[in-house]
Structures are given as C-alpha cells and as structure tokens.
Amino acid sequence: MQITKLHQKYDELQLIHGDAALTSIYGAGCVEHPKVMFIFMNPTGRNISASKSWNGLRAPWLGTKIVWNIFYDVGFISLEHFTQTQSLTSKEWTESFAKSLYSELAENRVFITNLAKCTQIDARPLKDSVFKDYLELMKEEISAINPEKIITFGNQVSSILLNTSISVSNYLNNEHETIEVDTTIFPVYPVHYPVGQGLRNMPLSIRRIRYILGV
C-alpha cells in the first residue's frame, strides 16, 4: 500500500524540516493506477502514526476525525470504518485498524498523500521552500502511482505542484489543470482545503470531489 523506495529520502528530509521527536508520514492506499490520488499539505503530531513507538502503517490522518467525513461521504470507506474513526480517541487507534482502513481505501482505488511528508508538532504554516524541497519526490510518487486523476487541496499545494499561481475558488465543476511527469500528462483538480482553518469549506470540497469523480 506504499511506495517504500521513497521512504528513506523522506526520512532524510524529516531531519531537516520536521520535529525531531516525530517520524515522516508517507502516502498510502492503492499504488497501482488508482482512480484518484489526493494530495494534502503536511502531517502534524496529531497523527498517531507519527510517534516513534508506532509499529504499523504510517499514513495520513491516522488518529484524527474530521477528514474521514470526506472519504465516507464520497463512498470510499464503509459506515463501520467511518464510525470507528469518529468514536475512537487518538490513543485508541490500533495498528490493525489503521491497516484495515487503508486496505479498504486501496480496494476502492484511492491513494492519499501529503506534498510534504515532514511531520510538525502542530499545524504551523510551512514556507513554500519546504514544500518545494519535496516537489521532485512528489513527482516520483505520482509517476510510480500513475493515478487517473489528482486532487490537490488548497492554494499553496496546488500552486507549488503546478508551478503557477492557483486560486481554488476559480475551479468549479470539472475545471482542472494538467501536469506532465515523465512524458505522462495527469489531470489535476484544485479543491478547497477542508480541515483546520478551511473546515468551513468542507461542503464545497465534498461537492466538487463528487462532481470530479462522478459519485
């Protein structure tokens, strides 16, 4: 469920840009031509798998609640899995549950990742330069995964990946940009960031994702 050949490079960047007490968080899900690749910003210490004592899958959003509303509303996780994400406290998440959750995402041909894999202790903003340090690795990840569609969350992530100034509010319905990686053209759909300060935008994000994916 992961592109492990990139993990060492991500771990090296964690030592530069991340918190020394935490580990990198890697992308996870379907690694063979998923129908969609979701790209968020960067992980924080709220992710239970960022702890060095965690021995299971290190993947986005483990131990958190809000973002799983999206993946349930668009039909990528079951009611059983969603209910557990909402009822469990962060410390109650287990390595077996994390694996089961991402196995279902993989079965539904979904891959979830962050542009930057450096885990911070909190949700402090990252400079563009930090994200740009991960850009070539992100392109390697895209090439290896070979997704049908890419959904990027927020202006900053979308702008850096596409190397042009992006305002997600300008993208409605099926409008998108493209990125060329190793001679392959991938459609990229910028979407409002749906968590943290962008929580109020979650309905907009879900509506657009449903339109993009036809669900």
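What to note about this one:
- 1 or more residues in contact (Cβ under 8 Å) with a residue 40 or more places away in the chain: qualifying helices (runs of 4 or more DSSP H) within the stretch 22-129: 68-73, 95-107
Let's see how each residue does on (1) within 13 Å of PHE40 (Cβ to Cβ); (2) surrounded by fewer than 23 Cβ atoms within 10 Å (Cβ to Cβ):
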site	(1), (2)
LEU126	yes, yes
ASP133	no, yes
GLU140	no, yes
THR152	yes, no
SER167	no, yes
TYR171	no, yes
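- Qualifying positions in the stretch 52-69 - surrounded by 17 or more Cβ atoms within 10 Å (Cβ to Cβ) and closer than 23 Å to CYS118 by Cβ: TRP54, LEU57, ARG58, ALA59, PRO60, TRP61, LEU62, GLY63, THR64, VAL67, TRP68
- Residue in the stretch 171-192 that is of a type in the set (Val, Ile, Thr), at pLDDT 95 or above and farther than 24 Å from CYS30 by Cβ present: no
- ASP182 vs. criteria touching a helix residue (DSSP H, G or I) at 6+ places or on another chain (Cβ under 6 Å) and either of a type outside the set (S, T, N, Q) or free of Cβ contacts under 8 Å to residues at least 60 places away in the same chain (or both): yes
- The listed residues are THR64, THR113, THR94, and the only one of them that is within 26 Å of ARG210 (Cβ to Cβ), modelled with pLDDT of 95 or more and either out of contact with any strand residue (DSSP E or B) (no Cβ under 7 Å at 6 or more places or on another chain) or not polar (S, T, N, Q) (or both) turns out to be THR64.
- Tally of residues being at positive phi and either surrounded by 15 or more Cβ atoms within 10 Å (Cβ to Cβ) or not small (Gly, Ala, Ser) (or both) across the stretch 182-215: 2
- Of all residues making up the stretch 123-159, the number that are touching a strand residue (DSSP E or B) at 6+ places or on another chain (Cβ under 9 Å) and either within 21 Å of MET202 (Cβ to Cβ) or not acidic (Asp, Glu) (or both): 21
- Check on ILE185, hydrophobic (A, V, I, L, M, F, W, C) and not in a helix (DSSP H, G or I): yes
- Of the numbered criteria (1) crowded, with 21+ Cβ neighbours inside 10 Å; (2) farther than 26 Å from GLN8 by Cβ, the one THR89 fails is (1).
The values are calculated or read from the model by the stated rules, or taken from the named source; none is laboratory data. No experiment lies behind these values; they were computed from the predicted model shown. Cβ: placed from backbone, ideal geometry, glycine included. Neighbour counts: every protein chain shown.
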